[in-house]
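Engineer: Take a look at the following structure, please.
What follows is calculated from the coordinates using simple rules that are stated; it is not laboratory data. What you see is a predicted model, and the numbers here were worked out from it, not measured in a lab. Please note: Cβ atoms are built from the backbone with ideal geometry, for glycine as well, and neighbour counts cover all protein chains shown.
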Amino acid sequence: MAVEEACSNIIEHAYGDVQVGDIECTCAADAVGLTITLCDYGREFDPSEVPEPDLQCRLEDRPVGGLGLYLIYQMMDEVHFECRPECNLLTMVKRRA
């Protein structure tokens, strides 16, 4: 679910104004857990610019969207964003129980 949400955000926000864009996905599993890395070549993303969702607000009063980043952070044990010259890199780690 976290990967799907991250890819949807890349498509909408990093590549929103173009028709074509690549997302490279790398997965690595080991004794510690699963590491998923997404690399895109769209607009840079700064997660600190995304406002915290108001979870106390009634569902009817909430705007559409705005929970994606929150959900990613809730589902994964580690989330790291890095804007490199060659690509935007998102690394997500889910540790074994």
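Engineer: Work out the charge dipole of the chain with +1 on the Cβ of Lys and Arg and -1 on the Cβ of Asp and Glu about the Cα centre, then indicate which of Ile23, Met1, Gly66 is farthest towards its positive end.
Structural biologist: Met1
Engineer: For the chain, what relative contact order do you get, as a whole percent, if you take Cα pairs closer than 8 Å and at least 6 residues apart?
Structural biologist: Relative contact order, the chain: 33 percent.
Engineer: Report the relative contact order of region 50-97, percent, no decimals, based on alpha-carbon pairs under 8 angstrom and at least 6 residues apart.
Structural biologist: Normalised by residue count, the contact order of region 50-97 is 25 percent.
Engineer: Would you calculate a helix-derived [θ] at 222 nm for the chain, using -39,500 (n - 2.57) for each DSSP H run of n ≥ 4 and dividing by the full residue count, to the nearest 500?
Structural biologist: -4500 deg cm²/dmol
Engineer: Across region 37-43, in residue order, what do the Karplus-derived ³J(HN,Hα) couplings come to in whole Hz, using 6.51 cos²θ - 1.76 cosθ + 1.60 with θ = phi - 60° and x for Gly and Pro?
Structural biologist: 10, 10, 10, 10, 10, x, 5
Engineer: Separate question: Run through every distinct alpha carbon pair of the chain and return the Kirkwood hydrodynamic radius in angstroms, one decimal place.
Structural biologist: Final number for the Kirkwood radius of the chain is 14.5 Å.
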